[in-house]
Amino acid sequence: MTTGLTLRQGGTGGVTSRKTGLTRQSVGFTVIEVLVATVIISIVLAPLATAYMLHHRASVRAGAETTALMLAQDRLEELKARPYAEVAGTAFRWFTEVPGYEQYAGYGYEVEVSTGALRVKTITVTVTYPTLDGTGTLALQTERARR
């Protein structure tokens, strides 16, 4: 069965149709192929970019929260090591103002101390830390009794 269409190799490397006399080069991509590939790549990359951004935000926040937790624990341990009578609250202070903590720019703390029944002091350290959206806070609390 013949269709009346015969293809022969042209001299320029293309394929020539005997019926139409046109030569089609098989080098490169057509505009449609490029557009389809671009659309497919865009559809695949959009969710990946969103996932990357969400992961980045979560990672930055986790790092800041971990640092804030470490700083709050440091303050609590320092207060617990003081004699009972010297344990007192402090107004908000930036860690950059505390010797040895200059590298913690953007982090601050406040200490509240209240004396309850049986002269037990409740010590609350609240640390403020930087986030991508502004600031966050973390509070740790412990109790200290007179010995």
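Each reported figure results from applying straightforward, stated rules to the coordinates on display, with no laboratory input. Because the structure is a prediction, the values reported are computed rather than measured. Positions of Cβ are backbone-derived with ideal geometry, glycine not excepted, and every protein chain shown enters the neighbour counts.
Residues in the stretch 33-69 that are touching a strand residue (DSSP E or B) at 6+ places or on another chain (Cβ under 9 Å) and not basic (Lys, Arg): Val60, Ala64, Glu65, Thr67, Ala68, Leu69.
Scanning the stretch 92-122 for residues that are hydrophobic (A, V, I, L, M, F, W, C) and under 31 Å from the mean Cα position of the chain (by Cα) turns up Phe92, Trp94, Phe95, Val98, Ala105, Val111. Within the stretch 81-113, restricting attention to residues that are out of contact with any strand residue (DSSP E or B) (no Cβ under 9 Å at 6 or more places or on another chain) and among the aliphatic types (A, V, I, L, M), the residue that is farthest from Glu65 (Cα to Cα) is Ala85.
Filtering the stretch 120-138 to residues that are touching a residue at least 12 places away in the same chain (Cβ under 8 Å) and of a type in the set (Gly, Ala, Ser) leaves only Gly136. Within the stretch 97-119, residues that are surrounded by 14 or more Cβ atoms within 10 Å (Cβ to Cβ) sit with their Cβ atoms under 7 Å from residues that are basic (Lys, Arg), at 6+ positions apart or across chains, in these pairs: Gly108/Arg93; Tyr109/Arg75; Tyr109/Arg93; Val111/Arg75; Val113/Lys121. Within the stretch 72-90, the residues that satisfy the criterion of being assigned to a helix (DSSP H, G or I) and closer than 12 Å to Glu110 by Cβ are Ala72, Arg75.
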